[in-house]
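Take a look at the structure set out below.
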Amino acid sequence: MKRIFLGCTLMVLATTGVLAQDAAVEERLNRLGGQIEDLLAAQAQTQKQMAELARELASLREQIGAANGHLASQEDLRRLAEKVAEVDKKRAADSELVARELDKLGKAAAAPIHRPRTTVVEDTAPPTGQQKGYEYVIQKGDTLSSIVQAYREKGAKVTTADILSANPGLNPNKLSVGRKLFIPAPKS
């Protein structure tokens, strides 16, 4: 009985080992089957691409064959050369014109700028009644520095700071035409 039991046990163990091997073999076969399917799909895609490339090649060959009939003649090339020469002459003329205009602009930039002269107004009473000075009405084109320069040319040593302090609220960057300024007389 021991022998039969031992034999049965060995058969069960051997069957279990075979079943395990069968499962591993089946798993490998399934993986190989999937890989084969992927390769077949890739082959079909490659064949489609090759067929498309063959159609494009045939189309290009037809276009090359048709283009041979549309080549430019010697006369066409001569006319094209004449047109290019004409355009080049016009370009050279334009270049000379631009150079002349640049020279004119350079001379104009080098010439002194004519600024409107500021009219100096003689002594007036200051707005506060405490200081002597001049009243000036802002004209078009005036700047604070041009006003100061005009008074200096007349002998009045006045500064921009003097004018700003004598005229509270004055924005030197936005002088309003017609506004009256008080120009303080220099202190002796």
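The values are calculated or read from the model by the stated rules, or taken from the named source; none is laboratory data. Because the structure is predicted, anything quoted here is derived from the model rather than measured. All Cβ positions, glycine included, derive from the backbone under ideal geometry; neighbour counts span all protein chains shown.
Residues are listed down the side, and each one gets a yes or a no for (1) touching a Phe, Trp or Tyr at 6+ places or on another chain (Cβ under 7 Å); (2) polar (S, T, N, Q); (3) at pLDDT 70 or above; (4) surrounded by 10 or more Cβ atoms within 10 Å (Cβ to Cβ):
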position: Ile64; (1), (2), (3), (4): no, no, yes, no
position: Gly69; (1), (2), (3), (4): no, no, no, no
position: Glu75; (1), (2), (3), (4): no, no, yes, no
position: Pro112; (1), (2), (3), (4): no, no, no, no
position: Arg115; (1), (2), (3), (4): no, no, no, yes
position: Gly141; (1), (2), (3), (4): no, no, yes, yes
position: Ser146; (1), (2), (3), (4): no, yes, yes, yes
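So which residues in segment 160-179 are touching a Pro at 6+ places or on another chain (Cβ under 9 Å) and either under 13 Å from Glu135 (Cα atoms) or assigned to a loop (DSSP other than H, G, I, E, B) (or both)?
Correct list: Ile163, Ala166, Asn167.
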Notebook entry, point to check: When Glu135 is evaluated against the numbered criteria (1) over 15 Å from Pro186 (Cβ atoms); (2) surrounded by 15 or more Cβ atoms within 10 Å (Cβ to Cβ); (3) touching a helix residue (DSSP H, G or I) at 6+ places or on another chain (Cβ under 7 Å), which criterion, by number, is the only one it fails?
Noted result: (3)
Note to self: Condition first: modelled with pLDDT under 50 and either of a type in the set (Ser, Thr, Tyr) or in a helix (DSSP H, G or I) (or both). Now tell me which residues in segment 117-127 satisfy that.
What the structure shows: Thr124
